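Q: Quick one: this structure, given as structure tokens, is what I'll be asking you about.
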Amino acid sequence: MSTETLTRSAEWPGLLNAEGKRWHYLDTAATAQKPQGVIDAMTRAMGADYATVHRGVYTRSAEMTLAYEAARRTVAALIGGREDELVFTRGATEAINLVAQTWGVSNLRPGDRVLLSQLEHHSNIVPWQLIRERTGLEIDVCPLTEDGRIDLDAAERMLTPAHKLVAFAHISNVLGSVLDAERAVKLAHGVGAKILLDGCQAAARLPVDVTALGCDFYVFSAHKLYGPTGIGALWAKKDLLDAMPPWQGGGSMIDRVTFAETTWAPAPQRFEAGTPAIVEAIAFGSAADFLTGHGLDAIHAHEAKLVRMAREALGRNNSVRLFGPEDSAGIVSFALEGVHPHDLGTILDEENVAIRAGHHCAQPLMEHLGVPATARASFGIYSDESDIAALVRGIERTIRIFG
């Protein structure tokens, strides 16, 4: 993979600052920059190609409907699924809430248990707490290994037939630790539980095949895999999706409406009430094509190399405390002794380096790590060695300032 090709301004307009200089963007885990091809696809869909979908009898509407459904196929194929198994949502957060409010409310009863982990994003904690009030379920928390992975040995000891769902992050958004998803699926199914995987960080970093994994639900968002904001996806096994009741009512998700009774459209349309995010869906498909074109194996190898380089460079500084495993996927979280991450982030911004600083929507994990926040550098397909060098220079300047 040619770094020069991937980082040229024509391909990545967002990687230039206001002065036209290279911006060292190290916040891809929060949201990825967009390649020009995705931007162009979105512009065409919003302009010359624009029309509504599923409703119009005129030619452009029919063409737009075909493009919208083609995007669904493309996005589903990215993770090894079928188009009739994939629901477009407003993002991964809505996808988890959809599962909780439909499958969860229908299937969870007082005394049933859900197993989460210590490193989950708030979006994979709060929805289960919300329906705990409605269903009476109990939530258990799986601990982490010494190096920050979900401890599947502990999960195996904790799981019982009372557990109806396991909900784990495929890759931690803070630590970059990769779940042994195949084993996690087997453990969940071994006690009769369903398993939901939060694939927000994984879908853009690793080859994913939900069919081979055998998981029950998989969620991810477009903006973290070089697509637009405001759209994501829920993949679910077809039998589960078909059995789930609708969550929101309105147009497009119905079969027939009378004041006496309404019948529902089949899944996935049943879960897409109202006019969908047409433009965003088409750009989502373009982003999936972009990833497939470059190859997830190559992207993972590229990011793994940068993680090794970054951890080695930061590890040489005695003031830096690194978190997570050595082989974290595309993400390096750390703390700088005597400096709050927000102060570090501010100084790095002056050096034209963008990192994330805070609790990363993972406050229970921060409590586990014994810190209020961490600094996080996260890589993408466009990242290179110059970003690491700029990060190190900025940290050295910060140490001098606070020295």
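Q: Would you please calculate the Kirkwood hydrodynamic radius of the chain over all C-alpha pairs and express it in Å, rounded to one decimal?
A: Its Kirkwood hydrodynamic radius stands at 22.1 Å.
Q: Among K164/K237; K164/K238; K194/K305; K164/K186; K194/K224, which pairs are too far apart, with a Cα-Cα distance over 23 Å?
A: K194/K305; K194/K224
Q: Order of 323-336, 57-70, 151-164, 215-228 by packing, highest average Cβ count within 10 Å first? All intermediate terms of the calculation are to be shown ahead of the outcome.
A: On the way: 323-336: 23.1, 57-70: 14.4, 151-164: 16.4, 215-228: 27.2.
Top to bottom by mean Cβ count within 10 Å: 215-228, 323-336, 151-164, 57-70.
Q: Evaluate E = 1/(1 + (r/R0)^6) for R393 and T229, where r is the Cβ-Cβ distance and R0 equals 30 Å; express this FRET efficiency to the nearest 0.05.
A: 0.45
Q: Compute the length gained on full extension between R321 and D147: take 0.36 nm times their separation in residues and subtract their Cα-Cα distance, giving the result in nm to one decimal.
A: Details: separation 174, 0.36 × 174 = 62.64 nm, distance 1.29 nm.
Additional length available on full extension: 61.4 nm.
Q: Roughly what % of DSSP beta bridges within the chain run antiparallel, to the nearest 5?
A: 60 percent
Q: A follow-up question, please. What is the percent carbon and sulfur in the accessible area of region 35-153, measuring with a 1.4 Å probe over the protein chains and ignoring ligands?
A: Reported share for carbon and sulfur atoms: 51 percent.
Q: Here's something else I'd like to know. Could you check the simple spin-label distance between E312 and H342, using points 7 Å along Cα→Cβ, in nm with one decimal?
A: Those two pseudo-labels are separated by 3.6 nm.
Q: Could you calculate the FRET efficiency of R44 with T160 from 1/(1 + (r/R0)^6), where r is the beta carbon distance between them and R0 is 56 Å, rounded to 0.05?
A: Numbers: r = 53 Å, r/R0 = 0.94.
After rounding to 0.05, the efficiency reads 0.60.
Q: Here's a follow-up. One quarter of the convex hull surface, Cα atoms only: what value does that give for region 1-136 in nm²?
A: Computing the convex hull of the Cα atoms and averaging its projections yields 13.0 nm².
Q: Which percent of the accessible area of region 296-402 is formed by carbon and sulfur heavy atoms (probe 1.4 angstrom)?
A: After summing per-atom areas, the C and S share lands at 47 percent.
Q: How large is the helix-only mean residue ellipticity at 222 nm for the chain, computed as the sum of -39500 (n - 2.57) over DSSP H runs with n ≥ 4, divided by its residue count, in deg cm²/dmol to the nearest 500?
A: The per-residue figure over the chain is -11500 deg cm²/dmol.
Q: Expressed as cubic angstrom per residue, what is the convex hull volume of the alpha carbon set of region 46-101?
A: Hull volume normalised by residue count: 105 Å³.
Q: While we're here: Using Cα pairs closer than 8 Å and at least 6 residues apart in sequence, work out the relative contact order for region 142-239, in percent.
A: Details: 148 pairs, mean separation 20.7, N = 98.
So the answer I get is 21 percent.
Q: For the chain, what is the accessible area per residue in Å² when the probe is 1.4 Å?
A: For the chain, the per-residue accessible area is 41 Å².
Q: Right, another one. With each pseudo-label sitting 7 Å past Cα toward Cβ, what's the E351-S386 distance in nm, one decimal?
A: It is 1.6 nm.
The values are calculated or read from the model by the stated rules, or taken from the named source; none is laboratory data. A quick note: this is a predicted structure, and the numbers were derived from the prediction, not measured. With ideal geometry, Cβ positions are generated from the backbone for all residues, glycine too; neighbour counts draw on all protein chains shown. In case anyone asks, the SASA skips ligands and DNA or RNA and just uses the protein heavy atoms, side chains included. Shrake-Rupley method; radii C 1.70, N 1.55, O 1.52, S 1.80 Å.
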